[in-house]
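Student: First, the structure itself, so that you have it in front of you.
The values are calculated or read from the model by the stated rules, or taken from the named source; none is laboratory data. Values in this document were obtained by computation on a predicted structure and should not be read as measured data. Neighbour counts run over all protein chains shown; Cβ positions are idealised from the backbone, glycine included.
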Amino acid sequence: MTSVGKHSSYRVPTGWPFLMREMHNKLPGIDDRIAVLPDPADPTEYEDIADALWDLFLVVKNLAPSPNATGCQRHPGGPVDTEAPAGWGRCLLCNHNRRISHPEAKKAMESATSH
Ligand SMILES: [Zn+2]
């Protein structure tokens, strides 16, 4: 016997279909709350919306592939180099090693930090 429903043995499913439903269920509610906000609204009224958006964000984030901000195979979760020279990757760890072994880059970095 197969029965799917909200009986006592019903378990909350995890995974793709559940997250998709969550996303579609949550978004209209948030949209409605934003629509009824007075203009200007009391700053505290945004708190509930921010919480709801954060909740939605976490659901959608679980649907998205985990990001590789550094673009680095060796350090996918490492720090990002925001001042990477043109043509270099965004991995701070790799770029640090590169700067150490790259005299011109090292000199440029030293003169940049001595200002
Ligand atoms: Zn790296």
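Student: For the subset of region 59-84 comprising residues that are among the polar types (S, T, N, Q) and touching a helix residue (DSSP H, G or I) at 6+ places or on another chain (Cβ under 8 Å), which member is nearest to the ligand (Cβ to nearest atom)? Please lay out each step first, then the result.
Tutor: Filtering region 59-84 down to residues among the polar types (S, T, N, Q) leaves 62, 66, 68, 70, 73, 82.
Within this subset, residues satisfying the condition of being touching a helix residue (DSSP H, G or I) at 6+ places or on another chain (Cβ under 8 Å) are 62, 70.
Details: N62: 26, T70: 6 Å.
The residue in question is T70.
Student: Now for a different question. Residue check: is K61 surrounded by 10 or more Cβ atoms within 10 Å (Cβ to Cβ), at pLDDT below 90 and of a type outside the set (G, A, S)? Lay out the reasoning, then the answer.
Tutor: Details: surrounded by 10 or more Cβ atoms within 10 Å (Cβ to Cβ): yes; at pLDDT below 90: yes; of a type outside the set (G, A, S): yes.
Spelling it out, K61 is indeed surrounded by 10 or more Cβ atoms within 10 Å (Cβ to Cβ), at pLDDT below 90 and of a type outside the set (G, A, S).
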